[in-house]
Amino acid sequence: MYNEKVLDHYENPRNVGSLDKNDVNVGTGMVGAPACGDVMKLQILVNDHGVITDAKFKTFGCGSAIASSSLVTEWIKGRTIDEALAIKNSAVAEELALPPVKIHCSVLAEDAIKSAVQNYRSKQQQSVSKES
Amino acid sequence: MANPSRSNFFAQFDLPVAFAIDVGVLEQRYRAQQQHWHPDRFATASATEQEHSLQQTTLVNEAWQTLRDPLSRATYLLQWIGYQPTPEESGDHDTDFLMQVMAEREALEEIDVTAGSALSQLEALRQQMEQEIAHAFSEIAALFAGIQEFNPADRQRWQRVSQLIDQQRYRQRFLEQVDQIEEQQLYGR
């Protein structure tokens, strides 16, 4: 029932784990659909040039949700924040050949990137205003 | 009072439209009506009367099933009010809650089911979850106090109820998982 790429990410998920959420250079994104039991945490480590040098995720949910988050961590590593924000759920769904009922999993993954970037940016602003 | 032409499960049992209802009274009235419309009592009645009794029995059962469970009662009340979440509203979950979900699911995942302490750890999680459920139901009850027909000004209030209903569903599923793990542990695979 699952596509090969989904199975591959599900069985060998990339970048599972956590980054220090108190680090000012780490952005933590939390998204989910609690009623279905899906929850996704995606974290990014950003360097001074706005490049994502590391990404980690932890997802509770179906195989497609795990595969979608695993895939986007691979995609965003080494990219700039703006490039990461440009990733669309349709690209994730296409890459994993998600069936229509699983499209929402790719939407969650896209939202997780946005949520992580938003968290990173608000932490950066706070740290700048503290210094000045 | 909201749209009187709409079927109203509360009226079926002569109860006021409210979240906080007397479940004992509900059950009494359900039993009485169930008896009243029982097919056995219409065995010698005309076909039309038999059909009517069957319809009434179905309606009474549906109303009872919907109102007896607080979560389906809350869901029904939102419908009665006329609140429908937009996709943005239903996807909007507070980060604190999601963090909590993550921590709880991690705690469940980390329990070593072969360890002797597994049962007491599972029970601790169950208690925590049951407390959260009770807490959320009291918030739902407070939000439903003095309900009336939909008023756009109350949108946020009903969105919160809808969000709490989703959260309760998660907790129910979590408890089901705890049950499953415990059963496997007690009775083998």
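Please treat every number below as a calculation from the coordinates, not as lab data. None of these values were measured; they are calculated from a predicted model. Quick reminder, even Gly has a Cβ in these numbers, built from the backbone with ideal geometry, and neighbours come from all protein chains shown.
Numerical summary
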| read-out | value |
| --- | --- |
| Extreme residue, farthest from B:R73 (Cα to Cα), among residues of the range B:126-180 that are away from chain A (no Cβ under 14 Å) and of a type in the set (G, A, S) | B:A153 |
| Among residues of the range A:29-58, those that are more than 22 Å from B:E88 (Cβ to Cβ) and within 14 Å of chain B (Cβ to nearest Cβ), counted | 4 |
| Selection count where residues are surrounded by 15 or more Cβ atoms within 10 Å (Cβ to Cβ) and either away from every other protein chain (no Cβ under 14 Å) or farther than 26 Å from A:G61 by Cβ (or both), scope the range B:79-94 | 3 |
| Scope the range A:1-28; condition within 14 Å of another protein chain (Cβ to nearest Cβ) and among the polar types (S, T, N, Q); matching residues | A:S18, A:N22, A:T28 |
| Subset of the range A:42-84 that is without any contact (Cβ under 8 Å) to a residue 40 or more places away in the chain and part of a loop (DSSP other than H, G, I, E, B) - its residue that is nearest to A:Q118 (Cα to Cα) | A:G50 |
| Complete set of residues in the range A:66-104 that are within 14 Å of chain B (Cβ to nearest Cβ) and over 17 Å from A:N15 (Cβ atoms) | A:N89, A:I103, A:H104 |
| The range B:95-109, subset without any contact (Cβ under 8 Å) to a residue 60 or more places away in the chain and within 22 Å of the chain's Cα centre (by Cα), residue surrounded by the most Cβ atoms within 10 Å (Cβ to Cβ) | B:L98 |
| Unique match (being farther than 29 Å from B:R169 by Cα and of a type in the set (K, R)) among A:K58, A:K77 | A:K77 |
